[in-house]
Amino acid sequence: MDNIAGTKSSLTWAVHISVALLVALWLFPTLGLLVSSFRTSDQIATSGWWKAGFPSEQNLTLRTGDPDTQVQDGDVFVIEGNLFGEVGAAEISVFGISSREIGTYNAGDTAELRNGSTVTVQSNGDYRQESAEELTGSRGSRIFVTATTPPEFTLRNYQNVLFDPSNREGMAKAFFNTLTVTIPATIIPILVAAFAAYALAWMDFPGRALLIAVVVGLLVVPLQLALIPLLKFHNEIGIGKGYLGAWMAHTGFGLPLAIYLLRNYMVGLPRDIIENAKVDGATDFQIFVKIILPLSFPALASFAIFQFLWTWNDLLVALVFLIDSTGETTVMTKQIVELLGTRGGNWEILATSAFVSIAVPLLVFFAMQKYLVRGLLAGSVK
Amino acid sequence: MHPAFQGLLTIIIGVGGCVGYYYFSNQFLDKVLFPAKGANIGRNINRANMVRPWLFLFPALLALGLYLAYPVVETLRMSLSERLPGGGSQFVGLDNYGQMMSEPKFWEALQNNFFWLLVVPAMSTAFGLLAAQLTDRISWGNIAKSLIFMPMAISFVGAAVIWKLVYDTRPVDQEQIGVLNALYLWFGGAEPNTWLTMPFWNNFFLMAVLIWIQTGFAMVILSAALRGIPEETIEAAILDGANPFQIFFKIKVPQIMGTIVVVWTTITIVVLKVFDIVFAMTNGQWETQVLANYMYDKLFRANDWGVGSASAMVIMLLVTPILIWNVYNARKEMR
């Protein structure tokens, strides 16, 4: 509508700003999780994630070297070194020698410690501790510093969560379990639904309109109703809780949408092609396999994405039909809920685990957005 | 057997089984049962074509019947009966419903669900409409749309973690790492709040998560509808001197009212089933219970199938008007 006279209003800049605000508001929460997953637990606990790109000021408790590293220099005993272990790790602004007064001295000053020695701390962390008498004890003196550390990001969280075999709360197994649930639960309903959708779209038989109405009705039936009756059914036929039950449940719950989407799409295919094929002697089965299926690819892709996202992100079906008391078949969503309970404050673990779980759907989303939008437009009951 | 291998096997058996079923049942129909040759060739072809739709439909109908239709009936039956020790059950009439109604937790869930139904569809649709209208007018609108749409791909559980970080609370003397508390203090708040434990208001903090997810959906559908509006109507309004707000509210919105209703009802259904967000963020504590989570509690924690089924039937009852409306519209469209 760009060509309509008068649409270029003076409000354009206001539109740009409001959209930018809206996008920021929608992106901000996810961004927070992503940034947090690359920070250490100390960083997360001491400063907001939005400060991650800036140098952060931290209060640290460090120690001078052990007394057995002291050297005699003339008539004083000296310990020298760097509080951080290396030069350049952080910059000290103020320091103190007691936990109650951590900012008494500026960097470069000399402070007198309780045991009679003096210590000089430079802003880069270099220190020189001097004592007239030989220093004793097993450990060095404590120094409380306020230091500015440069922004730093780490991949260690991902290493812990994904690749550490000794980590019992790791996501690697849950990731593969989720994948195991998802793929068959995506493919099988497509196939079953495609045949049914073809029959409902292009075959004439009594009761067709009624069946379509039933499918539309089943679209909104809450799957909550199905939990206990089906769990009982699964127990009776002997499959209990496990992958097979989860696959079957996902297939059943995904079918109404699949049939509805595919039928709507197939009805719109040109009648000529199908009638020509019939005149040429093709059977319904051949028409379906050789003409309808290839032409329906966009609708099949739309539904495949829906079903993939839905099964990957599902928690309820997994809780009821899949995860037994051994927990061997746990999926990522369940694992995260458990972490929320046991590791509520460990944001580095939570953020990383959650991001591992949402990374795959996000990839699929951005790669196949076109089909997703098309499916949404076709699938909302008009 | 390794589950991944088992999964692969299932795909092969499942897909192979389906394809085999369709292929061989068709072959059987055409070659054995009603062969298209011999004396009754015409009658045979007609008969085969009468049976074939049901061959195509059979697996789908079986799955639909078993996994969606039968549970509705079975849940209704269970909600009217009580489990007896050692298996078996006994008809108890409306006792389960009576017991459910006497529980304050149920009324709390019902009341919260009511607020969810009031707020979430309205806010999602409003934000979606706003985003659709604004992004349609700018050059980088498609990127903006993608980013607003993105939460659709994130699981409710993932969203729960994302928003728990937003709502995080640290003690007064520490720096806040949750955005909301940081902003609250920055704007002059006295001390950090634990947002998720403030009765009544915490419901709205949970709703924000679902609004955040559903806005993208509303935006995509409404944006398509806005683009479908005939340009002449807008041009005419401009010529008559309407300002942008009048064009939007008096010309565009009335023309897409049908789509707005569809979006509204679709989100309403999502709200009625909302479970994961509450389960992961508060688990119904601090007066945030909702029906779906209440039902899960009854079924799997209290092991009370009667009351659990009764609350499931309440959800079904709330969905029913939308179900009827959808079926009615679909039938009207087909004629």
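Worth a mention:
- Every Cα-Cα pair of chain A was included, and the share exceeding 29 Å stands at 64 percent.
- Average projection area in nm² (convex hull over Cα atoms of segment B:236-301, one quarter of hull surface): 6.7
- Interface residues in segment B:235-277 - accessible area drops by 50 Å² or more relative to the isolated chain, probe 1.4 Å: B:Ile238, B:Val262, B:Lys273
- q = 0.16, 0.29, 0.35 Å⁻¹, segment A:12-52: log10 I(q)/I(0) [Debye, one scatterer per Cα]: -0.50, -0.90, -1.09
- Point-to-point label distance, A:Asp272-B:Thr320, nm (Cα→Cβ direction, 7 Å offset): 4.9
- At R0 = 30 Å, FRET efficiency that the Cβ-Cβ distance of B:Asn46 and B:Val15 yields, to 0.05: 0.40
- Residues listed by number, segment B:47-91, amide nitrogen under 12 Å from B:Leu33 label point at 7 Å toward C-beta: B:47-58
- Accessible area per residue for segment B:132-238 is 38 Å², calculated with a 1.4 Å probe on protein heavy atoms, without ligands, DNA or RNA.
- A simple spin-label model places the labels of B:Glu231 and A:Phe297 3.2 nm from each other, with each point 7 Å out along Cα-to-Cβ.
- 3J(HN,Hα) from dihedral phi, segment B:155-163, Karplus parametrisation 6.51/-1.76/1.60, rounded to Hz, x for glycine, proline: 5, 4, 5, x, 4, 4, 5, 4, 7
- Average beta-carbon neighbours from other chains, 10 Å sphere, peptide A:197-209: 4
- Calculated FRET value between B:Val92 and A:Glu101, using beta carbons and R₀ = 56 Å, to 0.05: 0.20
- Across segment A:186-328, the volume of the C-alpha convex hull divided among the residues equals 129 Å³ per residue.
- These residues, A:Leu350, A:Leu223, A:Leu31, go from largest to smallest accessible area, 1.4 Å probe, as A:Leu31, A:Leu223, A:Leu350.
- Computing FRET efficiency as 1/(1 + (r/R0)^6) for A:Ala14 and A:Asp164, where r is the C-beta to C-beta distance and R0 is 41 Å, gives about 0.20.
- Within the accessible area of the protein assembly as shown (1.4 Å probe), percent carbon and sulfur: 62
- For A:Asp126, the amide hydrogen comes within under 5 Å of the amide hydrogens of A:Leu83, counting only partners 5 or more places away or on other chains and with H modelled in the peptide plane.
- Heavy-atom accessible surface of chain A, averaged per residue, reaches 45 Å², computed with a 1.4 Å probe.
- By the Cα gyration tensor, segment B:98-334 has an equivalent ellipsoid whose semi-axes, rounded to whole angstrom, run 36, 27, 14 from largest to smallest.
- The mean sequence separation of alpha-carbon pairs under 8 Å and at least six residues apart, normalised by the residue count of chain B, gives a relative contact order of 22 percent.
- Under the combined filter of DSSP loop state and at most 11 neighbouring Cβ atoms within 10 Å, segment A:134-193 retains these GluC sites (Glu not before Pro): A:Glu134.
- Total accessible area lost when B and A pair, probe 1.4 Å, Å² to nearest 100: 9900
- Among the GluC sites (Glu not before Pro) in segment A:302-382, those placed in a DSSP loop whose Cβ has at most 14 other Cβ atoms within 10 Å are A:Glu328.
- Per-residue ³J(HN,Hα) for segment A:101-106, Karplus 6.51 cos²θ - 1.76 cosθ + 1.60, θ = phi - 60°, Hz, x for Gly and Pro: 10, 8, x, 5, 10, 7
- Cα centroid separation, segment B:248-290 to segment B:28-86 (Å): 36
- Value of Rg to Rh for segment B:169-275 (Rh from inverse mean 1/r over Cα pairs, i.e. Kirkwood): 1.19
- Once C-alpha pairs closer than 8 Å and six or more residues apart are averaged by separation and normalised to the residue number of segment B:3-79, the relative contact order reads 21 percent.
- Normalised radius of gyration (Cα atoms, divided by 2.2 N^0.38 Å) for the protein assembly as shown: 1.19.
- Excluding same-chain neighbours fewer than eight residues apart, the lysines reachable from B:Lys31 by a Cα-Cα span under 27 Å are A:Lys278, A:Lys290.
- Under 12 Å from the Cα of A:Lys232 - aspartates and glutamates, other chains or at least 8 residues apart: B:Glu74
- Partner shielding of B:165-176 amounts to 3, given as the average count of beta-carbon atoms from other chains within 10 Å of each residue beta-carbon.
- Approximate spin-label separation A:Ala209-B:Trp186, in nm, with each point projected 7 Å along Cα-to-Cβ: 6.1
- Size descriptors for segment A:331-382 (Cα atoms only): Rg and Dmax, in that order, 15.7, 46 Å.
- The solvent-accessible area of B:Glu231, taken with every protein chain present and a 1.4 Å probe, is close to 70 Å².
The values are calculated or read from the model by the stated rules, or taken from the named source; none is laboratory data. All of these numbers come straight from a predicted model, not from anything done at the bench. Neighbour counts run over all protein chains shown; Cβ positions are idealised from the backbone, glycine included. All accessible areas refer to the heavy atoms of the entire protein, side chains included, with ligands and DNA or RNA removed. Shrake-Rupley method; radii C 1.70, N 1.55, O 1.52, S 1.80 Å.
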